[in-house]
Amino acid sequence: MEQNYFQYNKQCYKSQNGIAMGSPISGYLAEIYIQGIEETNIKHWLESKEIIYYKRYADDIFILYNQDKTNEQQIFNRLNKIDKNLQTKINTEEENRIQSLDLTIHRNKQNMTINIYRKPKETDTTIHYRSNHPPEQKMTAYRYHINRLNTLPINKEEREKEWDNIGRTTMNNGFLKDSIKKLRKKLKQKRIRTNDRKQEKQKWTPFTYFSPLVRKVTNIFRDKGIKIAYRSTNTIFKQLAKKPDRPNNPSGIYSIRCITCNNEYVGQSDRDIQIRYKEHINQIRNCNPQSAYANHILQNKHEFGPAETTLKLLKQCDKGGRMNCWDYKYLQEFQRAGKLITEQQTYDFNPLLAIAQKKKRKRQ
């Protein structure tokens, strides 16, 4: 609770009220606090019938009250007196209509009806059809809209209107309307099957989605009763996050050339490659064949040279799965060219890397 620091305009501050944004427990603490307020302040309003109906979703509250016992201004004033740092804003009905979340609620004399509400500035933007995302993720928004359309008790006219909105959204984001029609039919059939039999607990396993080629692996699980959840690498964070510039101490994939045979060692480092080079040289001077490069020099009695003429940065990147992929790519590339030292040579070739290298040469 006390570690509530944030940075603005290169200055660090400590918040006097509230909890830290982005903390994994902030949502739970906020929910506990709000439920405490509801237990001590809202409960007696319901018991006294001043408030007939009260429902909350996150920070959106929907209230029906008895006009003979209270009014909206009294409710507003009493809510804002509970905590001066927790202030509410009231939206009241106009012409017997009010918007709540994604619904328009219409109050009649005998009952209430609901319609789907879309904000005037809504852009209808979803993941584009041509984006490098799993099809399951591309269709998630449309699954939600269609399920909402199928489950909400709205009239036929409003249902057709919403279906036209969904169709327009699909066209604006590069989808064919026929694909959404198929999805609607599939979800309808799935809903019927779910109602007919008890839903069995399913097992899931995650896979990172790089391209449609990953399905050659995931299809193996199709007959094993295991569902696949795809993780995308094409995220907004990765597109917008600024990587630190380290021109003076680069990390990544590097090579060290042997002076005697002119073959090269390929390695990776998340630190300055100059530091990693010095570690290789220290191993050679101490007769410690810990690395493949040191082992090559010591076993073959070859010569090593200074970093200025033998050390080369092949690819600057950060530590992680991407660095491992680049490392494997350069190892295979150097071996195929006959430039890799014997101590690193392997016969385990990845055909996908060979295809990528061919495409790269064609583009050049």
TODO: Quickly work out the C12-to-R231 label distance, labels modelled 7 Å from Cα along the C-beta direction, and quote it in nm with one decimal.
DONE: 3.0 nm
Task: Reachable aspartates and glutamates from K301, criterion Cα separation under 20 angstrom, eight or more residues apart if same chain - done: E264, E279, E343
- [ ] Select from C12, C287, C261 the residue whose mean-square fluctuation is largest in a Gaussian network model of the chain (Cα-Cα springs shorter than 10 Å).
- [x] C12
Task: Cut-off under 5 Å, modelled amide H: who pairs with Y209 long-range - done: R231, S232, T233
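Check each of the GluC sites (Glu not before Pro) in segment 1-64 and keep only those in coil by DSSP with at most 12 other C-beta atoms within 10 angstrom; list them in order.
Working: sites: E2, E31, E38, E39, E47, E50; in loops: E2, E50.
Counting only loop positions with at most 12 other Cβ atoms within 10 Å, the GluC sites (Glu not before Pro) in segment 1-64 are E2.
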TODO: Report in % the part of the accessible area of the chain that belongs to carbon and sulfur, leaving out ligands and nucleic acids; probe 1.4 Å.
DONE: 51 percent
Open item on the list: Calculate the FRET efficiency for W204 and Y57 from the Cβ-Cβ distance with a Förster distance of 25 Å, rounded to the nearest 0.05.
Closed with: 0.40
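Counting other Cβ atoms within 10 Å, keep those with at most 14, restrict to DSSP loop, and tell me which trypsin sites (Lys or Arg not before Pro) in segment 1-80 are left. Could the numbers behind the result be given before it?
On the way: sites: K10, K14, K43, K49, K55, R56, K69, R78; in loops: K10, K49, K69.
For trypsin sites (Lys or Arg not before Pro) across segment 1-80 that sit outside H, G, I, E and B with at most 14 neighbouring Cβ atoms in 10 Å, the list reads K10, K49, K69.
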Open item on the list: Give me a comma-separated list of calculated 3J(HN,Hα) values for segment 155-160, in order, Karplus coefficients 6.51, -1.76, 1.60 applied at θ = phi - 60°, integers in Hz, x for any Gly or Pro.
Closed with: 6, 5, 4, 5, 5, 5
Open item on the list: Springs between alpha-carbon pairs under 10 angstrom, Gaussian network model over the chain: which of S23, S100, S232 fluctuates most?
Closed with: S23
- [ ] Go ahead and set up a Gaussian network model of the chain, Cα springs under 10 Å, then flag whichever of E95, E308, E122 fluctuates most.
- [x] E308
Open item on the list: Please compare each pair in K43/K69; K109/K161; K121/K156; K201/K224; K138/K177; K138/K319 to a cut-off of 22 Å on the Cα-Cα distance and tell me which ones are over it.
Closed with: K109/K161; K121/K156; K138/K319
Open item on the list: Using the Karplus curve 6.51 cos²θ - 1.76 cosθ + 1.60 with θ = phi - 60°, what ³J(HN,Hα) values do you get for each residue of segment 312-326, in whole Hz, with x for Gly and Pro?
Closed with: 9, 7, 8, 8, 7, 7, 8, 5, x, x, 5, 5, 4, 5, 5
Open item on the list: With just the Cα atoms defining each centre, how far is segment 266-323 from segment 32-97? Give it in Å.
Closed with: 68 Å
Task: Dipole axis of the chain (+1 Lys, Arg; -1 Asp, Glu on Cβ), positive-most option in Y117, L64, S179 - done: S179
- [ ] Enumerate the calculated ³J(HN,Hα) couplings along segment 282-293 in order (Karplus 6.51 cos²θ - 1.76 cosθ + 1.60, θ = phi - 60°), each rounded to whole Hz, writing x wherever the residue is Gly or Pro.
- [x] 5, 5, 5, 5, 9, 6, 10, x, 6, 9, 5, 5
- [ ] Would you mind working out the accessible area per residue for segment 1-75, using a 1.4 Å probe, and quoting it in Å²?
- [x] 83 Å²
Task: Area of D124 that stays accessible when all protein chains are in place (1.4 Å probe, Å², to 10) - done: 30 Å²
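The values are calculated or read from the model by the stated rules, or taken from the named source; none is laboratory data. As the structure is a computational prediction, the values presented were derived from the model and not from experiment. So basically every Cβ, Gly included, is an ideal-geometry build from the backbone, and we count neighbours across all protein chains shown. Remember, those area values only see protein heavy atoms, side chains included, never the ligands or the DNA or RNA. Shrake-Rupley method; radii C 1.70, N 1.55, O 1.52, S 1.80 Å.
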